[in-house]
Each structure stands twice: as C-alpha cells, then as structure tokens.
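The values are calculated or read from the model by the stated rules, or taken from the named source; none is laboratory data. Keep in mind that what you see is a predicted model, and the values were worked out from it rather than measured. A quick note on method: Cβ atoms are made from the backbone with ideal geometry, for glycine too, and the neighbour counts reach across all protein chains shown. Note: areas computed on protein heavy atoms with side chains; ligands, DNA, RNA excluded. Shrake-Rupley method; radii C 1.70, N 1.55, O 1.52, S 1.80 Å.
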Amino acid sequence: MRVTVFIVCLCAAVIAQGTPSSAAFYYGPDIPWDELSVFDVPVVEPAQSTSPPADKIAQFYAYASIGEVLPSRDYAAGVRPEWVLGDNPDWGTRVLDLSNPALREYLLEDLLRPLYQQGYRGFFFDTLDSYQLAATTDEQREAQRRGLETLIQQVAQRFAGVRLVLNRGFELLPEVHQYVDAVAAESLYQRWVPGEQRYQAVSESDRQWLLDRFREVRDNYHIPTIAIDYAPPQARDQARQLANKIRAQGVIPWVSNPALDMLGVGALEVMPRRVLMIHDTPAGQRWEESNLVRYGLMPAQFLGLVPDIRGIDSPMPSGTLTGRYAGIITWLENDQPHSPEFAAWLGRQMD
C-alpha cells in the first residue's frame, strides 16, 4: 500500500511540474472540486464558492473578466463612469478602459487580491479583446494593448507565484508570455450563437485562422493551447468526437455546454460515480428506514456508485448534472402530489 501511494504522488508531482496536457472549465454551482482536480488546468468561477477547499485551491485557476464587467458583479459598483469605453449588448456588460491606471489599480485590489487571499494561485483572464468593440482607431487599440500588458506585468509583480491562462490575447504574448501557462480560445469546430440560441459549425476559414494563431503560440513561446467548443449536454458522443478532433490538431480540448456549468469532455473524461437518490420518507419515520435505503442503496453501492441521498423537500443540485452524476433514482412512497418546483426540476433532468 505504501508503494502504491508513493507512485500516485510521484506521478501527480511530475504532471504538476510539466507542460499542461489537460484542461477543464466549470462556471456552475456546486463546484466538483475532486473531479476537476485531476486536470492540469482546472478553471472555476470563484463567485460560485464561498469556501474553496484549502487543500486543493492553489492548483485551480480563478475566472476573472478583465475587459468587461457585468453589472451584477460585486466589484461592478465601484467601476467609475470614466473607466467605461462602451457596452457589449450581447452580454449586457460594460467594456472597460484598460489604458486607465486607476482602473487597473482597482482591478488589482478589488477583483484579484480577494481571489489571491482565498488561496487561488492561478487566474484565467477572459474578455481580453473586448476593447475591440469600442476602440475605433489604431491609437486607441494600441493604448488598450499597452494597458493590458501593464496590468499583467503588475499582477506578476504584486501576487507572488501567480500563473495565468489567457483567453486569446495573442497580441500580448511578446511582452507577457513568461507569466502564461496556456492560451485558450473558443470555438474551433463548433460554437454557440447566443442571439439565436443554437449551435453552429465553425467555418473552415475561421478554424484555419485560429489554428494558425495556436501554432504561433506553440512555436514561438512553447505555450500549450486550449480550444473550448460547445455541444448539447445530452450529446455526449458528439462531445467526444469534437474533443478528438481538437486533440488531433495538437490542441488541448474542452467540450461543454454554453453555460460551462457541467463536467464536459476533454483530454480526460471523468466518469461520474455519484448517483442522486431521492426519497419522500413520511413524517415520523427515519430516512434510514425508507425503501430507498433498504432496497436501493446496496445495489447502487455494489455497482461502485457513490450515493447522494436527499429528501424530496431538500435542495436539489444546481446547474447541469451531466458529467457530475451517473443518474438519478427516485423512490417515492407517498401518494400525495409533490411540489411543482420538484416536478419541474426532475423534468429538466430527464430532458
């Protein structure tokens, strides 16, 4: 047993010190920390967790929108009007002026420092090219690029040991590549079109342009690249096919739903072991005495599944359960109707 544990730890150490070969992006609630920790570059939405696990948090990359801010974000109230370049109507966000030193200082102290204090030692910088929506001249675009470079350099200086993953930001790499673990971009083979609420194949010309940028990143800076593609949650086989296509291009794949609130498919696919078991034990009876436990628990455990037992009136897991749960077992013994909220939730899971 000692030898087995030593081998597992040694392998994990080698992976951590080497070039990343797998990545996962999860922005949903009920963050599956254990499952995500098997990936080299696991990215999470930190606003979804008030108490990240102290023994794992340092290996995770915290999502941070740098070029845009949603009005609902905690730090949005402190963004001054003069720091705003314009709006992104597709997402209802404000585009930020990264050439402004006061804004950069605000992002460092009010957005990033709290994440660093929580224990995150990696940041995933999103919306780096949002200034293109509002900057109309070459001079304005150059000022935004320099502002972004300065911000990234300040991050490296102010937060010891922090590493970065960039969403695009190709034009920034000549000055900041030494701080970057990977460069990601969305939609290599299949994209999500939010205005039309549908999936769409990426054109050959768009795909070739992105492949060329990825190749430049790898050849010039020896930095791995990540493609985030989208597929319906129920289309698991399609997700696997997309991941294989991406991997064949020398790119780390991640295929998920547009909300990125499910465990998708990447260079690794975590096979879900948890099964949600729901009972409606009558008042006065212990849940341990329910037929669900008496007759359903042992077969599930015999199959190697991990039970998540909940009463029908308990809060149910949020987000998209595909990839996180192997299935749902309901064992309901009472004849009276159940709440419309539970019926609607169960219907969504069946879909």
> At 25 °C and 0.890 mPa s, what whole-number value in µm²/s does Stokes-Einstein give for the translational diffusion of the stretch 247-351, with Rh from the Kirkwood sum over Cα pairs?
Replying inline: 157 µm²/s
> Where in the stretch 156-172 does the label zone of N220 land, with the point 7 angstrom along Cα→C-beta and an amide N cut-off under 20 Å?
Replying inline: 164-172
> Which ³J(HN,Hα) values, rounded to whole Hz and listed in residue order, are derived for the stretch 121-127 from phi using the Karplus coefficients 6.51, -1.76 and 1.60 in 6.51 cos²θ - 1.76 cosθ + 1.60 with θ = phi - 60°, glycine and proline given as x?
Replying inline: 10, x, 10, 9, 8, 9, 6
>> Based on alpha-carbon centroids, what's the gap between the stretch 109-146 and the stretch 279-351 in Å, whole number please?
In response: 43 Å
> Gaussian network model of the chain, Cα springs within a sub-10 Å range: biggest mean-square fluctuation belongs to which of I66, I312, I226?
Replying inline: I312
> Do any chymotrypsin sites (Phe, Trp or Tyr not before Pro) in the stretch 60-132 lie in a DSSP loop with no more than 13 other beta carbon atoms within 10 Å, and if so, which?
Replying inline: W91
> What ³J(HN,Hα) values, in whole Hz, does the Karplus curve 6.51 cos²θ - 1.76 cosθ + 1.60 give for the stretch 178-192 when θ = phi - 60°, with x put for Gly and Pro?
Replying inline: 5, 9, 10, 8, 6, 10, 10, 7, 8, 6, 8, 10, 9, 10, 10
> Within the chain, what percent of beta bridges assigned by DSSP are antiparallel, to the nearest 5?
Replying inline: 25 percent
> Computed FRET efficiency, Cβ-Cβ of D335 and T50, R0 45 Å: what is it to the nearest 0.05?
Replying inline: 0.70
> For E105 and W209, what does the FRET efficiency come to when R0 = 41 Å and r is the distance between their Cβ atoms, rounded to the nearest 0.05?
Replying inline: 0.70
> At a Förster distance of 41 Å, what's the computed FRET efficiency of N244 paired with E82, Cβ-Cβ distance as r, to 0.05?
Replying inline: 0.25
> When only C-alpha pairs under 8 Å and at least 6 residues apart count, what is the relative contact order of the chain, in percent?
Replying inline: 14 percent
>> If you restrict to DSSP beta bridges whose two residues both lie in the stretch 126-213, what percentage is antiparallel, to the nearest 5?
In response: 50 percent
> In deg cm²/dmol, rounded to 500, what helix-only [θ] at 222 nm does the chain give when every DSSP H run of at least 4 residues adds -39500 (n - 2.57) and the total is split over its residues?
Replying inline: -9000 deg cm²/dmol
>> If the only charges are +1 at each Lys and Arg Cβ and -1 at each Asp and Glu Cβ, what is the size of the charge dipole of the chain around the Cα centre, to the nearest 20 debye?
In response: 900 debye
> Which whole-number percent gives the relative contact order of the stretch 184-291, counting Cα pairs below 8 Å spaced six or more residues apart?
Replying inline: 21 percent
> Any idea how far the Cα center of the stretch 151-191 sits from the one of the stretch 205-230, in Å?
Replying inline: 13 Å
>> Below 8 Å, C-alpha to C-alpha, sequence gap of six or more: please give me the relative contact order for the stretch 279-329 in percent.
In response: 35 percent
> What label, among (1) 21.5; (2) 22.3; (3) 23.2, belongs to Kirkwood radius over Cα pairs in Å computed from the structure on display?
Replying inline: (2)
> What is the spread of the Cα atoms of the stretch 282-342 along each of their three principal axes, largest first, in whole Å?
Replying inline: 32, 27, 15
> Ratio of the stretch 185-306's C-alpha Rg to 2.2 N^0.38 Å, to two decimals?
Replying inline: 1.54
> How far, in nm, would the chain grow between A58 and S314 when pulled straight, counting 0.36 nm per residue and subtracting the alpha carbon separation?
Replying inline: 89.0 nm
>> With bins 5 Å wide starting at 0, give me the P(r) of the stretch 24-183 over every alpha carbon pair, in whole percents.
In response: 1, 9, 19, 22, 21, 15, 8, 3, 1, 0
> In the chain, what percent of the accessible surface is made up of carbon and sulfur (1.4 Å probe, ligands and nucleic acids excluded)?
Replying inline: 52 percent
> Once both labels are modelled 7 Å past Cα along the beta-carbon direction, what's the M271-D34 spacing in nm?
Replying inline: 1.6 nm
> Given springs between every Cα pair under 10 Å in a Gaussian network model of the chain, which of V176, V44, V165 has the largest fluctuation?
Replying inline: V176
> By how many nm would the segment from D351 to W91 grow when fully extended, if each residue of separation counts as 0.36 nm and the alpha-carbon distance is taken off?
Replying inline: 91.0 nm
